[in-house]
Structure formats: C-alpha cells, structure tokens
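No lab work stands behind these numbers, since they all come straight from the coordinates. Just so it is clear, the structure is predicted and the values come from calculations on it, not from any experiment. Backbone-built Cβ (ideal geometry, glycine too); neighbour counts: all protein chains shown.
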Amino acid sequence: MTIIAAILIFGVLIFVHEFGHFTTAKLFGVKVHEFAIGMGPAIFKRKKGETDYSLRILPIGGYVKLEGEDFASDDERAFNKCPPLKRIIILASGAFMNVLTGFLLFVLIFSFAAQIPSTVIEKVYEGTPAAEAGILAGDRIRSINGKRVNIYSDISFTLFEDDGKDAQIEIDRGTERMTFNLTPAKDGERSIIGIYPVLESPGVGTVLRNAYYNTFFVVRVVIVSLKMLITGQVGVSEMSGPVGIVGEIGQAAKSGILDVLNFAALIAVNLGVMNMLPLPALDGGRIFFILLELIFGKPVSPKIEGYIHAIGLVILLLLMLVITYSDIMKLVT
C-alpha cells in the first residue's frame, strides 16, 4: 500500500507539473514533441497530432519536450522564438500547478477536518509567559516580532524561527490593539508561550482561508529550511529524497487518508518552490537566463546555456544519490 500510495502521489504531482508546461506551451503555439510521465524506456506511447504522449518505466520524473528549448531552432513555433515573457510563463507554469495542487489538497483536508485551530486564544495557562505578560482568553494574535500571524501554525513556527528570543506579540482585544513583550519558555526544542486556540468549524470561508494561508505557510517553511541548509544550521543528511519520502508516506498512511493527503500537499508545494530556484537544470535556472537576456538585450548562447544546464543536472543527480544513500542508511540503522 505504501508503494501504491507513493506511485500515485509522485505520478499525480509529476503530471500536474508537466501539464502546466504543456498547456501554456500549446496556448502560445509552441510545438510540443512529447509529453512524458516517468523516465527511462517507454511502456506506453501514442502519437496524437504532432505530440507523442508516453508513460515511462521509472516514476521519478517527467518532461515536456519543446521545439527549440535546449538548442536554437529556426522553426517559427520554436520555444526560442517566443517573446521572453511567454517563455517565462511556460517555465513557471509547472511550479504554479504544483502550488495550486497543494492549495486544492489543503481545501480537501480542511473540508473534512472536525475542527480547525484559529488565531483566537481560548485559554491561557497559568504561570506561562503569555499569562505573565497579561495576554487573555479572547485575544486574537495578529503578529509576532512584526511577522503577520494568519493561521495557528504561524505562531509556533515564528517562535521556532526566532529561536526562543524575546517576542513582541501584537494582539487584537475587541476593538483595541495591544502589544506585549515576553520570553518564550523552552519545551525540548520547541518554544512555547502557554496558550490554547479557539477551534472553528470548517465552514466554506474558514476552509478557503486556512487552505490559502497554509499553502504560503509551507512556502515559508521551505524557504527557511533552505536558508538553514545554506548557513549550515542543518546538514544534507537531514534532507530526504525519494526513499525517505516513501518511508514518510508509509508512516502517514498508518494514520489515515487525510495524513497522506497532507503529506502530498507538503510535497506539492515543496516541488513548486524548489523548481523555481535559480539553479541550472531547474525551471528557475532557465528563467534566470531569460532575465539575463532582458537585462543585456540579447540571449545567452543556447549552446553555452545547454552545457550549463547539463552540468547542473549532473550535480543534482549526484546530490540525489548522496541523499538517497543517506535515506537508506537511516532505514538500515
């Protein structure tokens, strides 16, 4: 069941990503040679019009092969003949579809939730930093250290991000806006202030609002995690590749379908953000070269850009091997 769930999740996320590239390319009249789900040898292939549609044996990726994407083409419908803005839209549409998928999954998850925690406080525990600072039940937390609080998850993550430092908490109490200063308490690695939220019923407005802000919350978590990776606060060994993700899907499956959907939403948004990084071989890297073209008034040589993306792809594959080895060792130990 874990393998089936993993294949379904990977398959759907790959499909929606490539479908984003495919639909915008078709919309702008770019010639699409192939729409492929999976990598390696094709186990199914069918041609319709000018495009081959294929399903390949390894469910670890996919691609949309466009005329003139990697090398210059004289075809009037080539990707390299498109105006820069259209090329950027085609490249960014895959990541957009991943983030949109995450949002729709969160809508589904919150629709079936029994209750949803809000940013309004139901209870303040005695002797905690919140109680000592003067925060009361009924207060709505608006921001922490200048960072807007839109959903309950923002509270704990902002305290974590600020690493337990003194917190300036802005709240709404009726029509009055107030500010409190406190020092969070430590509970293991967590920073806590001692509050319990009001739980809301999943009405349409509540569901859409929480799904929307939860999507951007995941974007924020991914960006902060990358920052911690770059600054050395976390190591590569703490990252997960396909093997680690399959293991996490198995754990989520034991808790129920909503946990599996939640994990799929996290992966979807994560893929969207990662694909927009300005690194060679990623969509963000290709967009970076188009931006250089706009700045300097002429494109980088397609041949040179192709070599750079090829080198970037090799580096990414090597990184994936390192992460996969780390995932396997975690399972063994």
Fewest to most Cβ atoms within 10 Å: M329, M276, M178 sort as M329, M178, M276
Per-residue ellipticity at 222 nm attributable to helices in the chain (runs of n ≥ 4 DSSP H, -39500 (n - 2.57) apiece, nearest 500 deg cm²/dmol) works out to -18000 deg cm²/dmol
Proxy exposure order for T231, T128, T179 (fewest C-beta within 10 Å first) is T231, T179, T128
Non-local residues with an amide H under 5 Å from the amide H of L66, with H modelled 1.01 Å from N and Pro and chain starts lacking one, are H33
Any residue on another chain or 5+ positions along whose placed amide H is under 5 Å from the amide H of T183 is listed here as A167
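Of K45/K65; K147/K227; K65/K298; K26/K48; K26/K47; K31/K86, which pairs sit farther than 22 Å apart, going by alpha carbon to alpha carbon?
Violating the 22 Å limit, Cα to Cα: K65/K298.
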Rounded to whole angstroms and listed largest first, the alpha-carbon spread of region 116-200 along its three principal axes comes to 33, 24, 22
Contact order relative to length for the chain, counting C-alpha pairs under 8 Å separated by 6 or more residues, stands in percent at 18 percent
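List the GluC sites (Glu not before Pro) in region 1-101 that DSSP assigns to loop (not H, G, I, E or B) and whose Cβ has at most 15 other Cβ atoms within 10 Å. Which are they?
Numbers: sites: E18, E34, E50, E67, E69, E76; in loops: E50, E67, E69, E76.
Here the GluC sites (Glu not before Pro) that fit, given the DSSP loop and packing criteria, are E50, E76.
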Farthest towards the positive end of the dipole of the chain, among G62, S225, L317 and with Cβ unit charges of +1 on Lys and Arg and -1 on Asp and Glu, lies the Cα of G62
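Please report the antiparallel percentage of DSSP beta bridges with both residues in region 1-86, rounded to the nearest 5. Mind showing how you got there, number by number?
On the way: 12 of 16 bridges.
Of all bridge pairs located within region 1-86, approximately 75 percent are antiparallel.
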Listed residues L321, L208, L66; largest mean-square fluctuation, Gaussian network over the chain with Cα springs below 10 Å, found at L321
A correct Karplus calculation of ³J(HN,Hα) over region 70-77, with 6.51 cos²θ - 1.76 cosθ + 1.60, θ = phi - 60°, whole Hz and x for Gly and Pro, returns 9, 9, 4, 9, 8, 5, 5, 9
For the chain, longest principal axis from Cα atoms; helix 302-332 axis from its Cα atoms; angle between them, nearest 10 degrees, is 50 degrees
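What list do you get for S326, S201 if you sort them by fewest beta carbons within 10 Å? Spell out each step's value before the answer.
Values: S326 18, S201 10.
Lowest to highest Cβ neighbour count: S201, S326.
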